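Scroll down for the structure; my scribbles are underneath it.
No value in this document is a laboratory result; all are computed from the given coordinates. Keep in mind that what you see is a predicted model, and the values were worked out from it rather than measured. Every residue, glycine among them, receives a Cβ derived from its backbone with ideal geometry; neighbour counts consider all protein chains shown.
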Amino acid sequence: MPGENLARSRQEEEDEDDSTTDLSPSRASTHPSASLTVPFSVIAQGAEAVLYRTTMFDGQAVVIKERFRKQYRLPELDEQLTRTRMTAEARATAKAWRLSGVHVPALYLVDWQRRWLVFEYIEGPTLRTWLEGEGSERRARIPEAAAPVLRQVGEAVSTLHAADWIHGDLTSSNVLIRRSGSNDGWGEDAHELQAVLIDLGLAFCSSSCNEHHVEDKAVDLYVLERAFRSAHATHADAYTAIVWQAYAQHSRPQDARAVQKRLELVRQRGRKRTMVG
Ligand SMILES: Nc1ncnc2c1ncn2[C@@H]1O[C@H](COP(=O)(O)OP(=O)(O)OP(=O)(O)O)[C@@H](O)[C@H]1O
Ligand SMILES: [Mg+2]
């Protein structure tokens, strides 16, 4: 299994030196399981998971998200935490998949033993990369040009919240952009692009019977606002305003008002924390 082999070698590397893992896309290999020979490559590694691109099901491009073991954690706790995260991500992705207007990758397979979630591969950049602009002289995308995509994000989050789901880690790296129309560029006509939410491992359900449900929604939006500020300083406020406007227009007015009020409190708390460090 690619995951098992790499997880083992990664663990050995981790034991020697935390910073030595080679993640270059050229580190492609073959699928050693059964008689199949399937090329796969590492596309990303975070603190908890490594993601591979490969093919399954008669050539369908997929992403394997493997949550690797953390040697420093007690094995039972590691197992438990991994299960919780995998369950949350699988459940929230499946839920979001059924919501009209919310795009997430299809979830194809859950393999508890290998700690795998297997998703549809989404061809396209992250929102973060896309907002940073293209080419050698990269210029941040101006808000007007990015608006159709940012509006989709606001509407998708509003739909998710209306169904009582909180994403839990809304950043511009956790949104992928794919082409939905016939154009073959990434910039010119943002109307033909589709925002796809990913990384729902911290997602949770927060219904109106939960006294914190408005707070949860406000914090979800605040996390995105902070992510814009740290990754896209030049246009962060304008990007945030577009997302918020779409969110508010798409939500029931009383819900939008409640979240807006709470968001202001969350921002105040955030500012205080920033001032005291
Ligand atoms: N379905 C997908 N199709 C294409 N690329 C993907 C897909 N899912 C993830 N990726 C790529 O892998 C990167 C990391 O994925 P993801 O955000 O799910 O993991 P992570 O941030 O490491 O996870 P976690 O925060 O749960 O540890 C994404 O930013 C994206 O570039
Ligand atoms: Mg992520």
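The table that follows gives values for the structure above.
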{"quantity": "Integer Hz, Karplus 6.51/-1.76/1.60 couplings in order for region 248-259, x for Gly and Pro", "calculated": "5, 5, 8, 9, 5, x, 5, 5, 4, 5, 5, 5"}
{"quantity": "Under 5 Å, built H, 5+ apart or other chain: amide partners of residue 165", "calculated": "206"}
{"quantity": "Proxy reagent accessibility, fewest Cβ within 10 Å first, across 142, 43", "calculated": "142, 43"}
{"quantity": "Charged-residue dipole, Cβ positions (Lys, Arg, Asp, Glu), region 127-276 about Cα centre, Debye nearest 20", "calculated": "640 debye"}
{"quantity": "Residues 132, 225, 89 arranged by fewest to most Cβ contacts within 10 Å", "calculated": "132, 225, 89"}
{"quantity": "If the convex hull is drawn through the Cα atoms of region 127-276, its volume per residue in Å³", "calculated": "118 Å³"}
{"quantity": "Pairwise Cα inverse-distance average, inverted: Kirkwood Rh of region 79-203 (Å)", "calculated": "15.4 Å"}
{"quantity": "Length released on extending from residue 111 to residue 44, taking residue separation times 0.36 nm less the Cα-Cα span", "calculated": "22.2 nm"}
{"quantity": "Extension gain, residue 254 back to residue 87 (0.36 nm per residue minus Cα-Cα distance, nm)", "calculated": "56.9 nm"}
{"quantity": "Residues 222, 72, 247 arranged by fewest to most Cβ contacts within 10 Å", "calculated": "72, 222, 247"}
